[in-house]
Amino acid sequence: MTLKVSVRGQIPPFIVMDVMRAANERAASGADVLHLEVGQPSTGAPKGVIAAASAALRDDTLGYTDALGIPPLRSAIARHYRDRYGIDLDPERVVVTTGSSGAFLLAFLAAFDAGDRVGLATPAYPAYRNILRALDLEPVALEAGAAERYQATVDLLRRAPQPLDGLVVASPANPTGTMLAPEELAALARYCEASGIRLVSDEIYHGITYGPQEASALASSDEAIVVNSFSKYFSMTGWRLGWMVVPRPLLRAVECIAQNFFISPPAISQHAAVAAFECHDELAGNVRRYAENRALLLRELPKAGFDRLAPADGAFYLYADVAHLTNDSQEFCRRILRELGIALTPGVDFDPARGHRTLRISFAGSTATMAEAARRLQAWRR
Ligand SMILES: Cc1ncc(COP(=O)(O)O)c(C=O)c1O
């Protein structure tokens, strides 16, 4: 007898992970591959973090921790809000999670019931949509275009076909790198609060910006759930550590779900991450490299015909409209990998409706990798 696979388990893949696997298989067979697909820093954790991890390995039993995280890390994160944003935050509201991915699961479970409708401006990070589906929540695509800088607006919310229970925003965003101005984020937060919409603000790319200053939703609303991570700016992707700032009425629900789902976030990563907030000099060097990569690609990609790019103010992505080159971004990316050895992510990962004409380029790698990718693309299109 064939036993079933649950309906909720049948969510689409996270396509970039499939692309990364294909690129790695190609590399394992001896071909050279330039990784411009995956959104992870090519640098390791900062030196201070490694030293703190070594000390924890030596001195600590590394057992389960409190489900909400170790107190020194929760306090360090609360201090980060004071130092970076001038916000006074009670460490009690900080919840340490297994990456921001773990935070989304906890946030969605604590804030929404099956059938609730959660808005997302598309193109969007695919896991929002897929996690929501797996939890029997309904993702509602708010189709944003260049006029909205691919971000949610109060107007798009007003025009949503039915009332929403939640809204996820990200600034800077993946895949476009576009940002909400502080006053736009504040307006969204006010509108959500007044309309009974739970705002979830993904602030994972804070710290990686190229001019505009990022604002936290925490400055505008005590009802917003703020999500962040050590994976991007802090360059600790595989340490699987993130955090969220939770409205007080949701705290106990989040705690109970975290206890039962995860028991605790990884202990060694937590001990190490306390030191991350002392490593800004080293981390600023990474951001300088991203800025250099961005400038190089903005200069060189148009020469290869990739000249319709979203205005990326932050993160480490360029989102390219390639409608003049293909109407099948998946096949186009496969061809670029096959013929040029460059791994890119097709836009369908981020926007199932319109993404067959777009692709995402990650410039988190080395500047030499970006220069070589641009050279190959230019030679290919000549
Ligand atoms: C916008 C966004 N949010 C969340 C995540 C998940 O990151 P993590 O679970 O490593 O914190 C990513 C990863 O690429 C992302 O781009």
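No value in this document is a laboratory result; all are computed from the given coordinates. Note that the structure is predicted; figures quoted are calculated from it, not measured. Every residue, glycine among them, receives a Cβ derived from its backbone with ideal geometry; neighbour counts consider all protein chains shown.
Between Ala368 and Glu282, how high is the FRET efficiency from 1/(1 + (r/R0)^6) when r is the Cβ-Cβ distance and R₀ = 25 Å? Nearest 0.05. The partial results should precede the final answer.
Details: r = 20 Å, r/R0 = 0.80.
So the FRET efficiency works out to roughly 0.80.
Rounded to the nearest 0.05, what FRET efficiency do Arg375 and Arg21 have when you use their Cβ-Cβ distance and R0 = 35 Å?
On the way: r = 26 Å, r/R0 = 0.74.
Once rounded, the FRET efficiency stands at 0.85.
Starting from the Cα gyration tensor of region 1-143, take the square roots of the eigenvalues, sort them a ≥ b ≥ c, and report rounded, prolate or oblate (rounded when a/c is under 1.5, otherwise prolate if a/b is larger than b/c, else oblate).
The shape class here is oblate.
At what distance in nm do the modelled label points of Asp155 and Arg299 sit from each other, each positioned 7 Å from its Cα along Cα→Cβ?
Each label point lies 7 Å from its Cα, and together they span 3.6 nm.
Let me spell out the model: positive unit charges on the Cβ of Lys and Arg, negative unit charges on the Cβ of Asp and Glu, origin at the Cα centre of region 114-173. What dipole size does that give, in debye rounded to 20?
For region 114-173, the charge dipole is close to 120 debye.
Given only helices, namely DSSP H runs of n ≥ 4 each adding -39500 (n - 2.57), what is the per-residue ellipticity at 222 nm of the chain, to the nearest 500 deg cm²/dmol?
Dividing the helical sum by the residues of the chain leaves -12500 deg cm²/dmol.
Picking from His324, Leu142, Pro123, whose Cα lies most toward the positive end of the charge dipole for the chain (charges on Cβ: Lys, Arg +1; Asp, Glu -1)?
His324
Placing +1 on the Cβ of each Lys and Arg and -1 on the Cβ of each Asp and Glu in the chain, which of Val246, Ser195, Ser171 has its Cα farthest towards the positive end of the resulting dipole?
Positive-end residue among those listed: Ser171.
So how far, in whole Å, is the C-alpha centre of region 233-284 from the one of region 42-113?
3 Å
Give me the dipole magnitude in Debye, nearest 20, for region 218-363 about the Cα centre, with unit charges on the beta carbon: positive for Lys and Arg, negative for Asp and Glu.
With only Lys, Arg, Asp and Glu charged at Cβ, the dipole is about 300 debye.
Let me make sure I get this right: for region 75-136, a, b and c are the square roots of the gyration tensor eigenvalues over alpha carbons, sorted descending. Under 1.5 in a/c it's rounded, otherwise prolate if a/b > b/c, else oblate. Which is it?
prolate
If the chain between Asp136 and Ser54 were fully stretched, how many nm would it gain, using 0.36 nm times the residue separation less the Cα-Cα distance?
My answer for the length gained is 25.4 nm.
Is there a quick way to get the dipole size of region 179-245? I mean about its Cα centre, with the Cβ of Lys and Arg at +1 and of Asp and Glu at -1; what is the value in debye to the nearest 20?
Numbers: 4 positive and 8 negative charges, 58 e Å.
Approximately 280 debye in magnitude.
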